[in-house]
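All remarks here apply to the structure that follows.
Taken together, the values in this text are just the output of simple stated rules run on the coordinates, not laboratory data. Predicted, not measured: the structure shown is a model, and the values here were computed from it. Backbone-built Cβ (ideal geometry, glycine too); neighbour counts: all protein chains shown.
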Amino acid sequence: MKKRKVVMDAEGIERSLTRVAYQILEKNKGVENLVLVGIQKGGVLLAERLGKKISQIEGVPVPVGKLDITLYRDDIMTSGRARQIGKTDIPFSLDGKKVVLVDDVLFTGRTIRAAMDALMDFGRPTLIQLAVLIDRGHRELPIRADFVGKNLPSSHSEEVIVKISKRKTSDSVTIEEAF
Amino acid sequence: MKLARKDLLGIQELSVEEINLILDTADSFIDVSTREIKKVPTLRGVTVVNLFYEPSTRTRTSFEIAAKRLSADTINIATSTSSVVKGETFIDTARNLEAMNPDIIVLRHSAAGSPHMLSRAVRQSVINAGDGAHEHPTQALLDMMTMREKKKRLAGLKVAIVGDIAHSRVARSNIYGLTKMGATVSVGGPITMMPRFIERLGVEVHYRLEDAIRDADIIMMLRIQLERQETNLFPSLREYARYYCLNRCNIAAAKDDVLIMHPGPMNRGVEISPEIADGPYSVILEQVTNGVAVRMALLYLLSGGKS
């Protein structure tokens, strides 16, 4: 039997996202040239939700894209399997934009490294910021988040599971021991 | 989520799941080729050798572009300029290549079964880019990808393959693939170009063009190899064209929204008339575009399996 603990429920997640939306606006002084890019798969719905909140607050729509980083991973040749490739859809130019990358969990930082390399192939943003719902520590690269929903100190053997769906009521963040 | 095999030697040995995996992966690679920077770092450090014992522009270029868009290094060996002309045997060439440690060898050879032989001789992944009259698996995969893209399905489609069935590796690979995926295949061509017992592969056999393409969703015209004329398989090109050239009139036997495919290179006016080749139903150039994506998918799937 695995030990499982819910660390955030749907309401908690919603409140965190609202705060992060305001923080993004505060730091960037509005929505001018601001775009959000969610990382497949966990960051896509979060980016859409943040985008909606920011648009509501400012009354101006914010472009939201999605990015799949599979082809930029550093473990393709060593992982022993070819991973399924997801959809990348950034239907706007990144040149001169302030890009906020959005992901669910920040862990080793390797996904974010890959995402930054991928973004650079699509254009030349003015700056890239990072928003995550959960920062669980254990960085392996010099990467940090600009906006964090919740800091969640964890051990390496634990698993952090973020469930986000279109129907918000069942959203949750749980932490699970490996044995 | 892994192509659990070292090589891609033919469609015959692939399962439906494997074909779907390759086609789905190929779909995801389409947008790499449409970006401004048409390159991803995925296969950095991987070396792909294109070993071609037969002339080819399309297939070799397609493999080379596919490898380069994935950041792999490519080496092209055309045997007319290699030590093959000095008398080196096939296996010796292969062993020497192996000693230089490439990761994937793409082979085209006029002898059926040569990729299988190569695969046993070397530890590298081998991709069959056409072996004799046996198989041309990447062509069938790009054909199926194109059909699936345009018709949104493969199961239930009626596909007609017309031309020199006996000498066509494209026909054989497509027959294996399409029947596996639930499509109905009919083959058409003169009796001299129809192999005996072809119906055992689960296809309908016709000797008139109109019968073969009746109610077809897709017509695939095969290239008439002009050099075959000397072997008396047909009396003259003009006579072949009169009975088997797909044109504005005979195409009416097929469905109204029929797609026209051709693996290239085309002989305009022999097996396909220019107004059909350049017409609205032709997806011949889409096939070429999809070829790059299919080959990227295979290079990716075969490379990812190492640990």
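State, to one decimal in nm, how far the label point of B:SER15 lies from the label point of A:THR108, with both points 7 Å from Cα in the Cβ direction.
Simple spin-label model gives 2.9 nm for this pair.
Calculate for chain A the 222 nm mean residue ellipticity that helices alone would give, adding -39,500 (n - 2.57) per DSSP H run of length 4 or more and normalising by residue count, nearest 500 deg cm²/dmol.
One gets -9000 deg cm²/dmol as the mean residue ellipticity at 222 nm.
Please list the three semi-axes, largest first and in whole Å, of the ellipsoid equivalent to region B:31-110, using sqrt of 5 times the eigenvalues of its alpha carbon gyration tensor.
For region B:31-110, the semi-axes come out at 27, 15, 8 Å.
What is chain A by shape, rounded, prolate or oblate, if you read a ≥ b ≥ c off the alpha carbon gyration tensor as root eigenvalues and call it rounded for a/c under 1.5, prolate for a/b larger than b/c, and oblate otherwise?
Taking the square roots of the gyration eigenvalues as a ≥ b ≥ c, chain A is oblate.
Once the other residues with Cβ under 9 Å from the Cβ of B:THR47 are scored (Lys, Arg +1; Asp, Glu -1), what is the net sum?
Net of charged neighbours comes to -2.
Mind checking which aspartates and glutamates have their C-alpha under 14 Å from A:LYS98, skipping anything on the same chain fewer than 8 residues away?
A:GLU26, A:GLU32, A:ASP146
Tell me which trypsin sites (Lys or Arg not before Pro) from region A:143-177 have a DSSP coil assignment and no more than 14 other beta carbons within 10 Å of their own.
Within region A:143-177, the qualifying trypsin sites (Lys or Arg not before Pro) (loop, at most 14 other Cβ atoms within 10 Å) are A:ARG144, A:LYS166, A:ARG167.
From other protein chains only, count the Cβ atoms within 10 Å of every residue's Cβ in B:37-45, then give the mean.
Mean number of neighbouring Cβ atoms from other chains: 4.
In region B:77-171, what trypsin sites (Lys or Arg not before Pro) fall in a loop by DSSP, with at most 10 other Cβ atoms inside 10 Å?
Counting only loop positions with at most 10 other Cβ atoms within 10 Å, the trypsin sites (Lys or Arg not before Pro) in region B:77-171 are B:ARG123, B:LYS152.
Treating only the Cα positions of the protein assembly as shown as identical point scatterers, give the base-10 log of I(q)/I(0) from the Debye formula at each q in 0.06, 0.12 Å⁻¹.
Values returned for q = 0.06, 0.12 Å⁻¹ are -0.36, -1.05.
By the gyration tensor of its Cα atoms, with a ≥ b ≥ c the square roots of the eigenvalues, what is the shape of region B:192-253: rounded for a/c under 1.5, prolate for a/b over b/c, or oblate?
The shape class here is oblate.
Treat every Asp and Glu Cβ in region B:223-287 as -1 and every Lys and Arg Cβ as +1, leave all other atoms uncharged, and give the resulting dipole magnitude about the Cα centre to the nearest 20 debye.
180
Between B:ILE161 and residues 5 or more places away or on another chain, which pairs have amide H atoms under 5 Å apart, with H built 1.01 Å from N, and which residues are they?
Those qualifying (amide H under 5 Å, at least 5 residues apart or on another chain) are B:SER186, B:VAL187, B:GLY188, B:MET220.
GNM on chain B, C-alpha springs below 10 Å: top fluctuator among B:ASN50, B:ASN267, B:ASN174?
Taking springs between Cα atoms under 10 Å, the residue moving most is B:ASN267.
FRET efficiency for A:ASP89 and B:GLU286, Cβ-Cβ distance as r, R0 = 22 Å, nearest 0.05?
0.55
Taking a 27 Å limit on the Cα-Cα distance, which of the listed pairs A:LYS41/B:LYS152; A:LYS87/B:LYS151; A:LYS27/B:LYS38; A:LYS53/A:LYS87 fall beyond it?
A:LYS27/B:LYS38
Leaving out same-chain residues fewer than 8 places away, which aspartates and glutamates sit with a Cα under 19 Å from that of B:LYS158?
Straight-line reach from B:LYS158, under 19 Å: B:ASP143, B:GLU149, B:GLU199, B:GLU204, B:GLU210, B:ASP211, B:ASP215, B:ASP217, B:ASP256, B:ASP257.
Just to check, using Stokes-Einstein with a Kirkwood Rh over alpha carbon pairs, what's the diffusion coefficient of chain B at 37 °C and 0.692 mPa s in µm²/s?
Once the numbers are plugged in, D ends up at 166 µm²/s.
Amide H to amide H under 5 Å from A:VAL37: which residues, 5+ apart in sequence or cross-chain, H placed 1.01 Å off N in plane?
Correct list: A:GLY65, A:VAL100, A:LEU101, A:VAL102.
May I ask you to list the GluC sites (Glu not before Pro) in region A:15-50 that are in a DSSP loop and have at most 12 other Cβ atoms within 10 Å of their Cβ?
When the GluC sites (Glu not before Pro) of region A:15-50 are filtered for loop state and at most 12 Cβ neighbours within 10 Å, A:GLU32 remain.
Dividing the Cα radius of gyration by the Kirkwood radius, what Rg/Rh value follows for region B:10-66?
Here Rg/Rh amounts to 1.01.
How many Å³ per residue does the convex hull of the Cα positions in region A:57-136 occupy?
With only Cα atoms used, region A:57-136 gives 111 Å³ per residue.
Based on Cα positions only, what radius of gyration and what Dmax would you give for region B:85-185, in angstroms?
16.4, 51
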